[in-house]
Amino acid sequence: MIRAALANPIAVLMACIAVVVFSAVVVPRLPVDTFPELSPPVLVIGTQAPGMGPRDVEKTLTWRFEKYVSATPGVDHVQSVSRAGLSVIFVWLKWGVDLSSAQVLVQQQVSFAMSSVPKSLGVVPPFVLQYDPSNAPVIQIAVSGGGLTGPQLYDYAANVIEPVIEGIGGVASASPNGGRERQINVVVDPAKASARGVSSAEVSAAVAKANALLPSGRLIAPALDANVYTNAVPTKVADIGDALIRVDAAGEPVRIKDVAKVEDGGAPNTQSVSINGEDAVYLNVLRVPGGNVLEIVDQVKAAIAGLKGLPPGMKVDPIFDQSLFVRQTYHGLQKELLQAFVLVSLVILLFLQSPRSVLVAALAVPISFAIILLVLALTGQTLNAFTLGGLTLALGPLVDISVVVLEAVHRRRLAGDSPQVAAAKGTASVALAALAATLATVAVLLPVVLLEGLARKLFTPLALTVAAGMFAGYAVSILVTPVACATLLGHHGPPPKLALLVERRIAALADGYGRILEQLIDRRALVLGCLAVLVSGAVVAALRLPSTFFPDVDESMERIYVRFAAGTPIDVASERTQAMAQALREGLPEGTVRTVLTNVGAPAKARSAMNSPNDGPHMGFIRVELTDEAERSFNQTELAAKAREVLTAKFPGVETRQLPGGLVASVFGNGYLAPLVVELDGDDLDQLRAQAEDVVRVARTVPGLRDPTIALQTDYPELRVTTAREAAGQVGVSARDAAQTVLDATLGNINAPGVWIDGSNGQSYFVVTQLDPRLVDDRRSLADAPVRTPGNSGAVLLRSYAGIERSTGPIAIERDRLGRVATVLFQTEGRDLGTTAADLEARLREASTTRGLSWRFVGQVDLMRRTFSGLGVAVGLAVMVVFMVMATQFKSLRLPLAMLLTVPASLVGIVLALQAAGLGFSITALMGVLMVIGIAVSNGILLVDHANRAFLGGMEARPAALEAARARVIPILMTSLATVIGLLPTALGLDPAAAANRPLALAVVGGLVSSTALSLFVVPVMFIALARRPAASTHAAHAEPAPA
């Protein structure tokens, strides 16, 4: 292949141009994102059950659906939450299951389960959707101003803006939050109704008769063929009030407007939103899996700008734009990649003192990168922090291969060969060693395919990028670099004085190394003893390093979850939350806050509620969008601490939980809104609550844990209406009549509402009959609700046969794996997640109050432990695979041991680098450890290959090792230094946008420095100890002298 390439330079040139051009066409089409596609296989079942409490929702709907769905093939486990009027079930499938097929199967099971639910409950048919718990909104659209009411804002957002946004390619949904859904309310006055002997049920029946959505048919006659329309639906809302309820005993007609007021209003206020202190509605724009964040956001902004006919004064603005973080990360990584390329080129220039040589080596970069990008496009990857990090990581090693070839050609030229001969012989002399080094680097990535779940999705793109880069780099070095050497390095004049001076310095460095090695090469015990001491110290230090799942990055975002006393009305909770938001705007340093959003209460719509952290009207959150990191002097963590100080000082006693960050926290929270979550099992809710309180008491003794929050609340106010069946029977009233009266008095006939169509916009709206909520505001007024009695012209009051008592109960019931659970959420501060979790685990096992409890870590801690365990196995397998590759290459089971000593040698630098930077182990750092194994071993391969050739050529082991060390020290230093210098900007954290990849770069830089420095002495010593000359009959014919 080498000679074929040298004989056809034009063909090689055309192939290179074709690759680069195709790549230039494909790259702009690649989606850009922060992370690879990480969507776990999850389905969500949402069911609305108006008027039902959490307990009834759980036993009537949630439990029934869980039982059916859990038996579906491919289901791993099921989680759920039952709230007032809403059941949300998350169906976690096994990784690798086809989501669309599973959705069909789950929908069938839900239909079977639904068939046994009584239709009288008025349950809305459930939906089954594909769901991504890590899918944070890519942008939010705020709708405010114009003097519009909450229902008007919601109506415009839901019926005008939402369809426009959801019509954009790549948008999964744009559900509105805040405001109130427009609703026609027939508000019954209890006093007037009682005086006329009318119940709300009768009013509801009259509304249904006067507002009938019925087809009118089609007239087909010999003389005429026509569609028929009737006025069964009133044209104006006020016309509903003219409908007749009945004629009373005196013969007077009783109309709806006589006992009720018909209002064009809204549904009950269950959610309140403000943005920068102004009442608003916002739409969460979620993307489909794999959607291009930048393209989606740009199209959403264009769609907003193109809206016409907005009501006067209405504002529609984009807020919380995640594309800003994505763009910052993307451009930061691009800049670091360019910096790495420049620095690597300077290193090559330093060692080779020839701009033409730099050009030859640098040619490998654009061609190899073009091949990598084509591979990414063909495999459906995106340009993200991991693929771009993989490009940066691959830059050094792929240039190294070209440098090794270039250095071998250079040595042949110095020996007097012609450019063509030097290119052919030089490349051939290192081709096998370069292949072995490439395979060793790639081999360490193979165990990534054995990872499961999120870890596999995270690291497969990086591994694919590096592997494609290594193979591309090898192919370019073997086919393109020789041609470039023969063409560009054919004729050159005498080197300048500076180049001669540098060359002499480099030669002196090699000679000095040779002299030191000659003194140490016979002192095996000393060399290996020093290595053992250093590695032992590194192991001890490594065990004390902090650990976290993902490095902290500044996303210019913070969320603060707020919870007031159970039963706090939504208006009160909203007012207090807005006051807290105002305090943050005033209390945080000037110029650091861009937008503050408050969201209080649980959405009424299931599609919005499934993404809401609020279980009731007393719960909410504040979302703070900070200015860009470059525009402020405080980082995200410092501002979070200041926010805590402000809220603690001005709002003592309010339960809050902070969660700095946005996208990263959502992606790696695994569906939970805190980094550390403890989940308790049990059946009795009161007992579960008590156990959770015991966990919190123990957790308060653990340093680094803040903001404990028990999700399970059992003190939410309840009113229990108990019907005296005998007394009710005497007046002809059933328990069902009483239950319907209570529902009408509180929510209205929401389980069987009427529907009115607005002719001006064609939209349909519920018509709900209810008692006046301003009059039914306590137990006494509820007891005075009139109940229509069959066969009697009058109505009796509810208190005549029913008692009403105050009680408490759950606001929401969580379940996991077919059983009830209670989750306790914690924020960590000033301490790493891994150590904090281990400390909490130990104390929970020791404490007498929690020792026997059934609990587990869920969320990020569980994800971190499973991922770290998988990566630990991957590292072990990587070492095994590298050994197998080297054993095959050198036809020896002994020599690979010499090269594998570079692995423990690298641990010394990895630990020192992470300690010096104040960082610990994370998934990116462990990926760096994996990469170091391959890169470090490849350096050992170059040295052992040269020594083994000399040894097989007849030289003794000691002189062969010394000659190989002197000959290979400069190429090894040059290639190692190129990789180290290339990653140095990322390792030093010069650009905050590359913070996620900093631990990876530190691990590679530190590991490569220590492994190179130590292996230059350890590998020759071990080669002498392990080298054995094979039988002459087998290998003598194949022995080659070491290249000159």
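The values are calculated or read from the model by the stated rules, or taken from the named source; none is laboratory data. Everything numeric in this text was worked out from a predicted model, so none of it was measured. Cβ atoms come from the backbone with ideal geometry, glycine included; neighbour counts cover every protein chain shown.
A few points about this structure:
- Residue match in the stretch 740-749 (condition: hydroxyl-bearing (Ser, Thr, Tyr) and surrounded by fewer than 19 Cβ atoms within 10 Å (Cβ to Cβ)): yes
- Restricting the first member to the stretch 303-319 and to residues that are under 17 Å from LEU283 (Cα atoms), and the second to residues that are in a loop (DSSP other than H, G, I, E, B) and of a type in the set (A, V, I, L, M), the beta-carbon pairs closer than 8 Å and six or more apart or on different chains are ALA303/ILE168; MET314/LEU148; VAL316/LEU307; VAL316/LEU310.
Let's see how each residue does on (1) more than 23 Å from the chain's Cα centre (by Cα); (2) outside any helix (DSSP H, G or I); (3) more than 28 Å from PRO289 (Cβ to Cβ); (4) not aromatic (Phe, Trp, Tyr):
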{"site": "PRO40", "(1), (2), (3), (4)": "no, yes, no, yes"}
{"site": "THR62", "(1), (2), (3), (4)": "yes, no, no, yes"}
{"site": "PRO73", "(1), (2), (3), (4)": "yes, yes, no, yes"}
{"site": "VAL91", "(1), (2), (3), (4)": "no, yes, no, yes"}
{"site": "GLN107", "(1), (2), (3), (4)": "yes, no, no, yes"}
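- Taken together, the criteria exclude PHE668 from residues that are surrounded by fewer than 20 Cβ atoms within 10 Å (Cβ to Cβ) and either closer than 18 Å to ARG559 by Cα or touching a His at 6+ places or on another chain (Cβ under 7 Å) (or both).
- Odd one out for VAL821 among (1) surrounded by 19 or more Cβ atoms within 10 Å (Cβ to Cβ); (2) assigned to a helix (DSSP H, G or I); (3) touching a Gly at 6+ places or on another chain (Cβ under 8 Å): (2)
- Listing of strands (runs of 3 or more DSSP E) fully contained in the stretch 148-255 that carry 3 or more residues being more than 22 Å from ALA280 (Cα to Cα) and free of Cβ contacts under 8 Å to residues at least 60 places away in the same chain: 218-220, 225-227, 244-247, 253-255
- Failed item in (1) under 40 Å from the mean Cα position of the chain (by Cα); (2) over 21 Å from GLY51 (Cα atoms); (3) modelled with pLDDT under 95, with PRO717 passing the rest: (2)
- For first residues located in the stretch 516-529 and farther than 16 Å from LEU901 by Cβ, partners that are part of a helix (DSSP H, G or I) and of a type in the set (Phe, Trp, Tyr) and lie 6+ apart or on another chain with Cβ distances below 9 Å form the pairs ILE516/PHE1017.
- Count of the stretch 882-899 residues, restricted to those that are part of a helix (DSSP H, G or I) and surrounded by fewer than 20 Cβ atoms within 10 Å (Cβ to Cβ), is 6.
- The stretch 256-271: number of residues that are among the β-branched types (Val, Ile, Thr) and in a strand (DSSP E or B): 1
- Residue check for VAL403: part of a helix (DSSP H, G or I), in contact (Cβ under 8 Å) with a residue 40 or more places away in the chain, crowded, with 19+ Cβ neighbours inside 10 Å and touching a helix residue (DSSP H, G or I) at 6+ places or on another chain (Cβ under 6 Å): yes
- All of (1) modelled with pLDDT of 90 or more; (2) surrounded by fewer than 22 Cβ atoms within 10 Å (Cβ to Cβ); (3) in a helix (DSSP H, G or I); (4) not hydrophobic (A, V, I, L, M, F, W, C) hold for ARG780 with one exception: (1).
- Flag if PHE320 is within 21 Å of ALA996 (Cβ to Cβ) and outside the structural domain of ALA1001 (by TED's automatic domain parsing): yes
- Residue within the stretch 615-628 that is surrounded by fewer than 16 Cβ atoms within 10 Å (Cβ to Cβ) and touching a helix residue (DSSP H, G or I) at 6+ places or on another chain (Cβ under 9 Å) present: yes
Yes/no matrix, rows are residues, columns are (1) of a type outside the set (S, T, N, Q); (2) touching a residue at least 40 places away in the same chain (Cβ under 8 Å); (3) closer than 19 Å to GLY473 by Cα:
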{"position": "LEU338", "(1), (2), (3)": "yes, no, yes"}
{"position": "PHE341", "(1), (2), (3)": "yes, yes, yes"}
{"position": "GLN353", "(1), (2), (3)": "no, yes, no"}
{"position": "ALA364", "(1), (2), (3)": "yes, yes, yes"}
{"position": "GLY380", "(1), (2), (3)": "yes, yes, no"}
{"position": "VAL399", "(1), (2), (3)": "yes, yes, yes"}
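- Residue among VAL654, VAL646, VAL695 that alone is of a type in the set (Val, Ile, Thr), farther than 30 Å from SER39 by Cα and at pLDDT 95 or above: VAL695
- Scanning the stretch 63-88 for residues that are within 22 Å of THR270 (Cα to Cα) and either out of contact with any Pro (no Cβ under 6 Å at 6 or more places or on another chain) or not polar (S, T, N, Q) (or both) turns up SER80, VAL81, ARG83, ALA84, GLY85, LEU86, SER87, VAL88.
- Odd one out for THR769, checked against (1) surrounded by 16 or more Cβ atoms within 10 Å (Cβ to Cβ); (2) part of a strand (DSSP E or B); (3) outside the structural domain of TYR229 (by TED's automatic domain parsing): (3)
- Screening ALA579 on (1) crowded, with 24+ Cβ neighbours inside 10 Å; (2) part of a helix (DSSP H, G or I); (3) in contact with a Lys or Arg (Cβ under 9 Å, 6 or more places away or on another chain) shows it passes everything except condition (1).
- Considering GLU586, GLU558, the condition of being exposed (fewer than 14 other Cβ atoms within 10 Å of the Cβ) and either touching a helix residue (DSSP H, G or I) at 6+ places or on another chain (Cβ under 8 Å) or not in a loop (DSSP other than H, G, I, E, B) (or both) is satisfied by GLU586 alone.
- Matching residues in the stretch 661-680 - criterion: being touching a Leu at 6+ places or on another chain (Cβ under 8 Å) and either part of a strand (DSSP E or B) or not hydrophobic (A, V, I, L, M, F, W, C) (or both): ASN670, TYR672, PRO675, LEU676, VAL677, VAL678, LEU680
- Any hit, the stretch 51-64, residues being surrounded by fewer than 21 Cβ atoms within 10 Å (Cβ to Cβ) and hydrophobic (A, V, I, L, M, F, W, C): yes
- Among the residues of the stretch 259-277, the ones that are touching a helix residue (DSSP H, G or I) at 6+ places or on another chain (Cβ under 7 Å), at negative phi and surrounded by fewer than 20 Cβ atoms within 10 Å (Cβ to Cβ) come to 3 in all.
- When each of ALA812, ALA838 is tested for being in contact (Cβ under 8 Å) with a residue 40 or more places away in the chain and of a type in the set (A, V, I, L, M), the lone residue that passes is ALA812.
- Hits in the stretch 312-351 (condition: surrounded by fewer than 23 Cβ atoms within 10 Å (Cβ to Cβ) and at positive phi): GLY313
- Taking the listed residues ASN211, ASN292, ASN269, the one that is within 30 Å of VAL572 (Cβ to Cβ), within 52 Å of the chain's Cα centre (by Cα) and of a type in the set (S, T, N, Q) is ASN269, with no other qualifying.
- Test: ILE89 is under 30 Å from LEU743 (Cβ atoms), surrounded by 15 or more Cβ atoms within 10 Å (Cβ to Cβ), touching a residue at least 24 places away in the same chain (Cβ under 8 Å) and hydrophobic (A, V, I, L, M, F, W, C): yes
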